[in-house]
Amino acid sequence: MGTPADHLDTLLKETRSFAPSSEFQGNANFNDPSIYERALEDPEGYWSEQAKHLDWFTPYTKICEWNPPHAAWFSDGTLNATYNAVDRHRATYRKNKAAILWEGEPGDRRVLTYDMLGREVDRAAHMLASLGVKKGDRVAIYLPMIPELPITMLACAKIGAIHTIVFAGFSSSSLRDRILDADANVLVTADAGHRRGGIIPLKANADDAVDGTHVKTMVVVNRVGAPSGATMTEGRDVAWETLMAEMPNTPYPCEPMNAEDILYILYTSGTTGKPKGIVHTTGGYLVGANTSMRSVFDLKDDDVYFCTADIGWVTGHTYIVYGPLTAGATVVMYEGAPDFPNRDRFWQIIERYGVTIFYTAPTSIRTFMKWGPQHPAAYDLSSLRLMGTVGEPINPEAWMWYHEHIGHGNCPIVDTWWQTETGCAMIAPLPGLINTKPGSATRPVPGISVAVFDEHGQAVQPGSGGYLVITKPWPSMLRTIWRDDERFAKTYFGQFQGIYLPGDGAHLDEDRYIWILGRIDDVINVSGHRIGTMEVESALVDHKSVAEAAVIGRAHEIKGQAITAFVTLKEGVVASPELVAELKQHVVIQIGAMARPEEILFTAELPKTRSAKIMRRLLRDIAEGRALGDTTTLADPSVIDALKSQYQDKE
Ligand code: WTA
């Protein structure tokens, strides 16, 4: 197993530990330590207790049915996600509470109270229904971080349609793959989006993407305005604003959904070139999302909660929309980049709205460190009381910087380990109960059974590392991969019988704290974005000049990992800096900007074993400048010397 050894070294030397203040502890929603034991003894009882925080149309009598690898939770209950996230609050004192405090990148702002959000969602549900969308249909969404994004999601959920959101940074070809796989026939997009002062041409991408798909209607939000030049195709494209204006101003009834009916599909990268459509169902997912808001994020009614993720990724699904809204929170939603117009944008937002809970990614924290503490220091951040991180392992240095310069030493940090597949935070401190250690996601949350296994499926002793596994089903687990149940069973349950394998390496310390070491498969984590090496390799090989490509993730100071591609060219093609630029751009066009290789190295040959397998470990060693490991299985050892000298030349 290829554990990232350097990272482990730093982590194992880490001994600092931070207890919550007695004030935080006293006020925490979860402040009885016996909860861990109770949940361990009776996980189903624990989850059923938590499920009571949702409103069910028909109460469930069954809790968990487990036929590995298939789980069902609360399977005879019915409920509706939008009823829980919006409508039920409209009937209470939360009616006029701010649900979404939205800020656009250019500085425009919108406030949606729960009642206002509910009215927009009703209208959007009428709109989708008028387009023929029914329960179970798939609606693709390709929108920037504007209020119409959660409004569309919640409108789908109200009808019982399955949304599949494609991050607006994905290219038209990635969008097409996802639309085709989900077989969506409605696409909701925008003319364009704002990003770091520039414009992302979403409609133009969408036009390319829907060619050859079953998309019959494209609804286009006017975000940027005429100069972006979105052209509308007669008979297929309709303006969001026009359609919405035609809709009745009446409530749209919530479709009663079975707990096991699908809420959404979200694509993520795996070890093959084809993205996986992760399927989440309604009841269990919402129980997981809602519970973690109250437990891990200690959400109170007067909190102002700001998660900097994009709704196009799972963090935004769970921790901008379904988690906080089902819990009745006030959510700050920001459209753009942290450095537009200046590097203080997030701190300005925290001060302006009095944000109390802030959730971001390690890669952002490392970027803030590089920009310097003078930016946050210029703002009053004293409203903050709790901070979180997600997406990749956080290095202790970044954790300490976050603790000191953003939290001013007063805020517990919840380092939350989870995945698109797990639906909600799995390993994370309950901030009133657990002492944190910089770089460790600490303990599994109550109701989640985690272990670290050796390759034989035995749990390792404290002080050792191995494969992170989840040994029991949990409510918000993925149910399958959309239209590929076989891949689901093989990918997640193929290694150890009935045990979920996330694909991360982990170390268990003497206090039974878990330290996540990163992916152990062919998935790279670039700035918190999961990218399959095979996806990038296929994109490169798709270029006319490329014969073969091998892609690896190498350690990168800010991004966590960066993509290095080793490429062999076809006969007669001459390597040049122009070709490097062209190939990088080719990957951007094929996948999206987040997959752009940091560097491309041309080589006459790729290092392969005698059985013709590319030796990625060797490539990683070369890219990270380490002494080379065992090369005895290499078919042609001279390949390595050639590659090594090339890499050194480059530096
Ligand atoms: C990584 C994002 C260490 C991990 C929610 C996982 C983390 C993958 C952490 C899932 C963390 C996420 N510490 N690593 N706190 N959180 N990861 O599906 O490798 O985009 O398997 O979900 O990110 O990425 P995904």
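The values are calculated or read from the model by the stated rules, or taken from the named source; none is laboratory data. Please read all numbers here as calculations on a predicted model, not as lab measurements. Cβ atoms come from the backbone with ideal geometry, glycine included; neighbour counts cover every protein chain shown.
What the table below lists for this structure:
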item	result
The stretch 342-353, residues that are touching an Asp or Glu at 6+ places or on another chain (Cβ under 9 Å) and part of a loop (DSSP other than H, G, I, E, B)	none
Test: residue in the stretch 393-401 that is buried (at least 18 other Cβ atoms within 10 Å of the Cβ), of a type in the set (Val, Ile, Thr), assigned to a helix (DSSP H, G or I) and in contact (Cβ under 8 Å) with a residue 40 or more places away in the chain	no
Pair list, Cβ < 7 Å and 6+ apart or interchain, from the stretch 429-452 residues that are in contact (Cβ under 8 Å) with a residue 60 or more places away in the chain and over 20 Å from TYR467 (Cα atoms) to residues that are in a loop (DSSP other than H, G, I, E, B) and within 12 Å of the ligand (Cβ to nearest atom)	LEU430/VAL296; THR436/PRO429
Filter result (touching a strand residue (DSSP E or B) at 6+ places or on another chain (Cβ under 9 Å) and crowded, with 23+ Cβ neighbours inside 10 Å) within the stretch 111-123	TYR114, LEU117, GLY118
Whichever residue in the stretch 408-422 is touching a residue at least 24 places away in the same chain (Cβ under 8 Å) and more than 7 Å from the ligand (Cβ to nearest atom) and, among such residues, is surrounded by the fewest Cβ atoms within 10 Å (Cβ to Cβ)	HIS408
Subset of the stretch 119-139 [more than 14 Å from VAL221 (Cβ to Cβ) and of a type in the set (Gly, Ala, Ser)]	ALA125, ALA129, SER130, GLY132, GLY136
Entirely in the stretch 473-553, the strands (runs of 3 or more DSSP E) that have 1 or more residues that are in contact with a Leu (Cβ under 9 Å, 6 or more places away or on another chain), at pLDDT 95 or above and surrounded by 22 or more Cβ atoms within 10 Å (Cβ to Cβ)	504-508, 514-519
Filter result (under 20 Å from VAL121 (Cα atoms), assigned to a helix (DSSP H, G or I) and β-branched (Val, Ile, Thr)) within the stretch 150-196	ILE151, THR152, ILE159
Some residue of the stretch 446-468 being within 25 Å of THR360 (Cβ to Cβ), in contact with a strand residue (DSSP E or B) (Cβ under 9 Å, 6 or more places away or on another chain) and either away from the ligand (no atom under 16 Å from the Cβ) or part of a loop (DSSP other than H, G, I, E, B) (or both)	yes
Residue that is farthest from the ligand (Cβ to nearest atom) [pool: residues in the stretch 490-510 that are more than 18 Å from the chain's Cα centre (by Cα) and closer than 18 Å to THR10 by Cβ]	GLU510
Residues of the stretch 312-334 classified as more than 13 Å from the ligand (Cβ to nearest atom) and assigned to a loop (DSSP other than H, G, I, E, B), total	3
Whichever residue in the stretch 618-647 is modelled with pLDDT of 85 or more and of a type in the set (D, E, K, R) and, among such residues, is surrounded by the fewest Cβ atoms within 10 Å (Cβ to Cβ)	GLU624
Any hit, the stretch 358-373, residues being away from the ligand (no atom under 16 Å from the Cβ), of a type in the set (S, T, N, Q), more than 14 Å from PHE306 (Cβ to Cβ) and assigned to a loop (DSSP other than H, G, I, E, B)	no
Subset of the stretch 536-560 (residues that are within 14 Å of the ligand (Cβ to nearest atom) and closer than 17 Å to GLN585 by Cβ)	none
1 or more residues among the hydroxyl-bearing types (Ser, Thr, Tyr) and free of Cβ contacts under 8 Å to residues at least 12 places away in the same chain: qualifying helices (runs of 4 or more DSSP H) within the stretch 1-115	22-27, 34-41
Any hit, the stretch 295-311, residues being among the small types (Gly, Ala, Ser), farther than 26 Å from PHE24 by Cβ, surrounded by fewer than 24 Cβ atoms within 10 Å (Cβ to Cβ) and within 14 Å of the chain's Cα centre (by Cα)	no
Residues within the stretch 427-461 that are surrounded by 20 or more Cβ atoms within 10 Å (Cβ to Cβ), under 22 Å from the mean Cα position of the chain (by Cα) and of a type in the set (S, T, N, Q), tallied	2
Tally of residues being surrounded by fewer than 24 Cβ atoms within 10 Å (Cβ to Cβ) and either farther than 25 Å from SER172 by Cα or among the aliphatic types (A, V, I, L, M) (or both) across the stretch 142-158	1
GLY528, sole failed condition from (1) within 12 Å of the ligand (Cβ to nearest atom); (2) within 13 Å of GLU421 (Cβ to Cβ)	(2)
Residue satisfying all of: in the stretch 383-398; under 20 Å from GLN25 (Cβ atoms) and touching an Asp or Glu at 6+ places or on another chain (Cβ under 9 Å); nearest to the ligand (Cβ to nearest atom) among these	GLY388
The stretch 423-445: number of residues that are under 21 Å from ASP42 (Cβ atoms) and more than 10 Å from the ligand (Cβ to nearest atom)	6
Meets criteria (within 16 Å of the ligand (Cβ to nearest atom), in a strand (DSSP E or B) and without any contact (Cβ under 8 Å) to a residue 60 or more places away in the chain) for ILE563	yes
Residues of the stretch 82-102 classified as buried (at least 24 other Cβ atoms within 10 Å of the Cβ), farther than 30 Å from ARG345 by Cβ and in contact with a Gly (Cβ under 9 Å, 6 or more places away or on another chain), total	1
Subset of the stretch 582-592 (residues that are among the aliphatic types (A, V, I, L, M) and out of contact with any strand residue (DSSP E or B) (no Cβ under 9 Å at 6 or more places or on another chain))	VAL588, ILE589
Some residue of the stretch 605-618 being under 29 Å from ALA168 (Cα atoms) and in contact (Cβ under 8 Å) with a residue 24 or more places away in the chain	no
Where GLY592 falls short, out of the listed (1) out of contact with any Gly (no Cβ under 6 Å at 6 or more places or on another chain); (2) more than 13 Å from the ligand (Cβ to nearest atom)	(1)
